[in-house]
């Protein structure tokens, strides 16, 4: 059988995964990088937050035969550095801007994001609270898209967020949508509409340490299968007030895919409120 190789673009998620994770978005006071699932916390009026993160991904790509069938592709890796600044306009409303620099396999800037988070119910201190978080994903050039740095068309994402907070534990639940428009999407038969759900229970061990898990199901942007499932473990350490260090390990797999594509990633970062 004659083959021609194609490559899945390495995605940043978270992720979104997001994914939707589409673009790494702001992680406010009660959210815990490196988790994909967001929370309803905000910075408060006049508050600021800066996030500096690093993500390593190892991925098995997809091979496409001339007869249109898929087969397991080659392995590839990527290194990226997401950065997000968040500003609290009111106690319940944040605005944010996020950028990502990828250093390998292609060196360059990826899709940026600008958006807001509005907590419309609850106070994010105890019990249930709810928020909505839309964002605009700015395009890269056609040549940058072709080299794997993101989508060359403007896209958007919106997340519905719910958090339940108690002194010893927290549970965060997300439902999200991300558009996935690109110049090469039709040729590669990529899905143009990505949906996802996720949940992240977090255990508060003490005033410095928090441990959690995160799991979710996303639309597979590639035509090899309908969904991608992911699971993540992570920890957050706060050495001093208003400073957190996060470390996580995540894996995801395309469900029922003949090419058996999957990836795993290591995430680390520092978050500072001021």
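The values are calculated or read from the model by the stated rules, or taken from the named source; none is laboratory data. No experiment lies behind these values; they were computed from the predicted model shown. Cβ coordinates were reconstructed from backbone atoms using ideal geometry, including for glycine residues, and neighbour counts include every protein chain displayed.
On the stretch given as segment 163-200, residues that are in a strand (DSSP E or B) and within 17 Å of the chain's Cα centre (by Cα) total 16. If you go through segment 205-256 and keep only what is modelled with pLDDT under 95, in a loop (DSSP other than H, G, I, E, B), on the phi < 0 side of the Ramachandran plot and over 16 Å from the mean Cα position of the chain (by Cα), you end up with 207, 222, 223, 224, 225, 226, 241, 255. Residues that are outside any loop (DSSP other than H, G, I, E, B), surrounded by 15 or more Cβ atoms within 10 Å (Cβ to Cβ) and under 17 Å from the mean Cα position of the chain (by Cα) do not occur anywhere in segment 140-148. Is segment 61-83 home to any residue that is assigned to a loop (DSSP other than H, G, I, E, B) and modelled with pLDDT of 85 or more? No, that holds for no residue.
Being modelled with pLDDT of 95 or more, crowded, with 16+ Cβ neighbours inside 10 Å, in contact with a helix residue (DSSP H, G or I) (Cβ under 9 Å, 6 or more places away or on another chain) and under 20 Å from residue 40 (Cβ atoms) holds for only one residue in 159, 163, and it is 159. For segment 25-45, indicate whether the set of residues that are surrounded by fewer than 23 Cβ atoms within 10 Å (Cβ to Cβ), at pLDDT below 80, at negative phi and in contact with a strand residue (DSSP E or B) (Cβ under 8 Å, 6 or more places away or on another chain) is non-empty. Looking through segment 25-45, at least one residue is surrounded by fewer than 23 Cβ atoms within 10 Å (Cβ to Cβ), at pLDDT below 80, at negative phi and in contact with a strand residue (DSSP E or B) (Cβ under 8 Å, 6 or more places away or on another chain).
Yes or no, residue by residue, for (1) part of a loop (DSSP other than H, G, I, E, B); (2) modelled with pLDDT of 95 or more; (3) farther than 23 Å from residue 181 by Cα:
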{"residue": "89", "(1), (2), (3)": "no, yes, yes"}
{"residue": "96", "(1), (2), (3)": "no, yes, no"}
{"residue": "115", "(1), (2), (3)": "no, yes, no"}
{"residue": "118", "(1), (2), (3)": "no, yes, yes"}
{"residue": "125", "(1), (2), (3)": "yes, no, yes"}
{"residue": "131", "(1), (2), (3)": "no, yes, yes"}
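The selection criterion, being modelled with pLDDT of 95 or more and surrounded by fewer than 18 Cβ atoms within 10 Å (Cβ to Cβ), holds for residue 169.
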